[in-house]
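For reference, the structure discussed in these notes is given below.
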Amino acid sequence: MRLARVFVPLVLIGYGAGLASMAFLRDRAILESVHAVFASLALVGFITGAVLGGRLARGAGLRLRAAHLLAGSLALLFGLGSVVAGLAILP
Ligand code: HEM
């Protein structure tokens, strides 16, 4: 949980920085790349995982545990996809 408190905001900042770089530094259309698709799916997964993790920590039913596991694992998978797609669009 300590790591997640740092990691999830960093993903949010990275996502925003990617969009800002496309729009303001390079004057390119945003959210049209394969990288953006993977990054957006990863972002949704990490946020879902974080919300579910917070509920688990506050004692919510253990049924949420499987959903938390699924959201986090998919987020990591999509994050890996965004790394590969990100390397492909490096300037
Ligand atoms: C090693 C990993 C990564 C590399 C090498 C990478 C690289 C890049 C590059 C080169 C751009 C284009 C910026 C520009 O041309 O000015 C970009 C955009 C972007 N990045 Fe990443 N990135 C990585 C990981 C991530 C992750 C993990 C996220 C979020 C989960 C993310 C979110 C974004 C977003 C949202 C954009 C804007 C894309 C668009 O609007 O089409 N990136 N990234």
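The values are calculated or read from the model by the stated rules, or taken from the named source; none is laboratory data. For clarity, every value in this text was computed on a predicted model and none was experimentally measured. Glycine gets a Cβ as well: all are built from the backbone with ideal geometry, and neighbour counts include every protein chain shown. The accessibility values were calculated without ligands, DNA or RNA, using every heavy atom of the protein model including side chains. Shrake-Rupley method; radii C 1.70, N 1.55, O 1.52, S 1.80 Å.
Structure above, values below:
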{"item": "Residue count, segment 66-87 (criterion: open to solvent by 70 Å² or more (accessible area, probe 1.4 Å) and either at pLDDT below 95 or touching a Phe, Trp or Tyr at 6+ places or on another chain (Cβ under 7 Å) (or both))", "result": "0"}
{"item": "Test: residue in segment 29-47 that is among the hydroxyl-bearing types (Ser, Thr, Tyr) and surrounded by 13 or more Cβ atoms within 10 Å (Cβ to Cβ)", "result": "yes"}
